[in-house]
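The values are calculated or read from the model by the stated rules, or taken from the named source; none is laboratory data. None of the values given here were measured: they were computed from a predicted structure. Here Cβ is always computed from backbone atoms with ideal geometry, including for glycine, and neighbour counts include all displayed protein chains. We work out accessible area using only protein heavy atoms, side chains counted, and drop any ligands, DNA or RNA first. Shrake-Rupley method; radii C 1.70, N 1.55, O 1.52, S 1.80 Å.
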Amino acid sequence: MSEGFIRVAGVVLFLIFASVGVLFLLAPEAPLRGLNSMAGCFGLGLSPLHGTGFFSIMASAYMAVVSTLAFRMFLHPGDALNPLLLAQAKTASSFFSFGAFLLNRPDFILLVNGFVDGGLALLALLIYRSARRRERAKGLS
């Protein structure tokens, strides 16, 4: 594939993922209600709006991604990209947790997750800095 195609695909996917993320954050039931309204056309059941279901699957997918990044750090300790991506994911989780705690509901789990994922983000950033220093040192040798 050409670099141009990859760039266009990247920006289109970014816009889709970011838009859906904002929708999930601001109106989490809206996508489920919309898709549930079409389920009957296909003879399929409705997704629950609360509890287990779609959002449990999405949360598990997120955990699969961050688990993969952590395992790739084990396999490739000198690669700075993996801890950088892990730090980004954990920073987002921390900020969204603190934001939900402050702006929506002061649930204990949100506060705990904000601190835990914030700490994990800092650890990943420290690992990233170390890996970048090693990359730079190899480049100068």
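Could you tell me which of the residues Leu123, Leu102, Leu86, Leu49 is closer than 21 Å to Ala18 by Cα and not aromatic (Phe, Trp, Tyr)?
It is Leu86.
Scan (1) over 23 Å from Gly21 (Cα atoms); (2) touching a Gly at 6+ places or on another chain (Cβ under 9 Å) for the single condition Ser93 breaks and write down its number.
Evaluating Ser93 over (1) over 23 Å from Gly21 (Cα atoms); (2) touching a Gly at 6+ places or on another chain (Cβ under 9 Å) leaves (1) as the failure.
Among the numbered criteria (1) out of contact with any Asp or Glu (no Cβ under 8 Å at 6 or more places or on another chain); (2) over 28 Å from Leu26 (Cα atoms), which one does Phe115 miss?
All conditions are met except number (2).
Any idea which of Ala70, Ala121, Ala131 is at pLDDT below 95 and more than 22 Å from Leu26 (Cβ to Cβ)?
Ala131
Can you confirm whether Ser130 is farther than 21 Å from Tyr62 by Cα and of a type in the set (Gly, Ala, Ser)?
On the way: farther than 21 Å from Tyr62 by Cα: yes; of a type in the set (Gly, Ala, Ser): yes.
Taking the combined requirement at face value, the residue satisfies it.
For every residue, the table says whether it meets (1) of a type in the set (Asp, Glu); (2) under 13 Å from Ala124 (Cβ atoms); (3) under 10 Å from the mean Cα position of the chain (by Cα).
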position	(1), (2), (3)
Gly45	no, no, no
Leu49	no, no, no
Met58	no, no, yes
Tyr62	no, no, yes
Phe71	no, no, no
His76	no, no, no
Ala80	no, yes, no
Leu84	no, yes, no
Gln88	no, yes, yes
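Within the stretch 87-118, can you find the residues that are closer than 21 Å to Arg129 by Cβ and of a type in the set (Asp, Glu)?
Hit for the stretch 87-118 is Asp117, nothing else.
For the stretch 1-113, which helices (runs of 4 or more DSSP H) that fit wholly inside it have 1 or more residues that are open to solvent by less than 80 Å² (accessible area, probe 1.4 Å), in contact with a Ser or Thr (Cβ under 8 Å, 6 or more places away or on another chain) and not small (Gly, Ala, Ser)? Please lay out each step first, then the result.
On the way: elements: 3-26, 29-39, 54-75, 81-103.
So the answer is 29-39, 54-75.
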